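Visitor: Below: one structure in structure tokens.
Bear in mind these aren't lab numbers, they're just calculated from the coordinates by the rules spelled out. These figures come from a predicted structure and were not determined experimentally. When we count neighbours, we look across all protein chains shown, and the Cβ atoms used for this are built from the backbone with ideal geometry, even at glycine.
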Amino acid sequence: MSTYISNRELEELGEGLTRHYLENAHIHMAARCIDIEGLANYLGMTVVFETFAEEDRDKVGFLADGRTPLKIRRKGSIVSFCFPLGTIVLDSFLRQDKESGRRRFTIAHEIAHSVIEKHNPVPQFHRIYDSEHGYTFQELKAQLTMTENQADRLAAVILMPQFTVDQALRDFNKGRRVKVYGQNVYANEERRIISRMAAQVGVSFSAMQIRLRELDLLEYHPLDEYVEKNLLGGKADEQERIASDRRLF
């Protein structure tokens, strides 16, 4: 039950897919935001919205295989409905403007599942109980976790291929890496830069932050530098200047 795809392979798959889409849809390669629904349609997939009624409240997206039913609410009743193969079903609340980043990532995530299934076909978790009986619960759980992680990584590449992130860096930080102190601390200016980049590319702040790390586009500085400049108001520098002046006498 081998399902492993390396991050480098996922990077190439996602980048190649988005470039192919842009070229064949005659969209300029300097596009600052990937039309994710347009990409879904290009791949022969349809995006629809329904009110989910699944017991798992965390489920907000579903890639239909043409035979697995999804519980939805229609006209006040809960029904199990089988959507056509390749339909991406999103929970209706994702239509809200404030959910734009989550909506786009969910679509990309379901596209990623479709791409991974074609690239490296393996039994899918929701079908495995019908056709396979040799896997333990732990093996099924491990496969589901790996598949979801890979879909998340590929979705990030599809939404944020390096050429769009590089363009955002040029637009908002003169093409320079974004400063980070320690491993995870950003000054206000850097947080503004990441927020502007995220808005332009159409993702959340956290998604852009993670993507910058993945692409080695962060410039690491000692945490003490942030503490001295931003929390102590340059107090350490002033103390050093006073000490230096005293040594002159």
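Visitor: When we measure straight from the Cα of K174, which aspartates and glutamates land under 17 angstrom away, once same-chain ones fewer than 8 places off are left out?
Guide: Cross-link targets: D166, E189, E190, D216, E219.
Visitor: For Q209, what is the net charge nearby, where nearby means another residue's Cβ is under 12 Å from its Cβ and Lys, Arg count +1, Asp, Glu -1?
Guide: Numbers: positive: R191, R211, R213; negative: E190, E214.
So the environment of Q209 carries a net charge of +1.
Visitor: Once the other residues with Cβ under 15 Å from the Cβ of A31 are scored (Lys, Arg +1; Asp, Glu -1), what is the net sum? It would help to have the intermediate numbers written out before the result.
Guide: Numbers: positive: R19, R32, R104, R170; negative: E15, E23, D35, E37, D166, D171.
That works out to -2.
Visitor: Let me ask you something else. For H26 and K174, calculate 0.36 nm times their separation in residues minus their Cα-Cα distance, and state this gained length in nm to one decimal.
Guide: Values: separation 148, 0.36 × 148 = 53.28 nm, distance 2.76 nm.
Here the segment from H26 to K174 would lengthen by 50.5 nm.
Visitor: Further question on the same structure: Under 5 Å between amide hydrogens, which residues at least 5 positions from E219 or on another chain qualify, with H placed 1.01 Å from N in the peptide plane?
Guide: V178, K179, V180
Visitor: If packing is taken as the mean number of other Cβ atoms within 10 Å per residue, what is the order of 21-34, 161-174, 103-116, highest first? Intermediate results must be reported in sequence, preceding the final value.
Guide: On the way: 21-34: 13.6, 161-174: 17.4, 103-116: 23.1.
With the highest mean Cβ count within 10 Å placed first, the list reads 103-116, 161-174, 21-34.
Visitor: For the stretch 6-15, what does the Karplus curve 6.51 cos²θ - 1.76 cosθ + 1.60, with θ = phi - 60°, yield as ³J(HN,Hα) per residue in whole Hz, taken in order and with x for Gly and Pro?
Guide: 5, 4, 4, 5, 5, 4, 5, 4, x, 5
Visitor: For the stretch 176-188, just list the computed ³J(HN,Hα) in residue order, Karplus coefficients 6.51, -1.76 and 1.60, θ = phi - 60°, integers in Hz, with x standing in for Gly and Pro.
Guide: My calculation for the stretch 176-188 gives 8, 4, 8, 6, 9, 9, x, 10, 9, 9, 10, 6, 4 Hz in order.
Visitor: Assuming 0.36 nm per residue, please report the length gained on full extension of the stretch N184 to C33 beyond their Cα-Cα distance. Don't skip to the end; give the middle numbers.
Guide: On the way: separation 151, 0.36 × 151 = 54.36 nm, distance 2.57 nm.
Gain on stretching N184 to C33: 51.8 nm.
Visitor: A further question follows. For the stretch 65-71, just list the computed ³J(HN,Hα) in residue order, Karplus coefficients 6.51, -1.76 and 1.60, θ = phi - 60°, integers in Hz, with x standing in for Gly and Pro.
Guide: 9, x, 9, 8, x, 10, 7
Visitor: How much net charge surrounds Q162 when only the other residues with a Cβ under 14 Å from the Cβ of Q162 are counted, with Lys and Arg +1 and Asp and Glu -1? Don't skip to the answer; put the middle values down first.
Guide: Details: positive: R8, R19, R32, R153, R170, R177, R211, R213; negative: E11, E12, E15, D166, E214, D216.
With Lys, Arg at +1 and Asp, Glu at -1, the net is +2.
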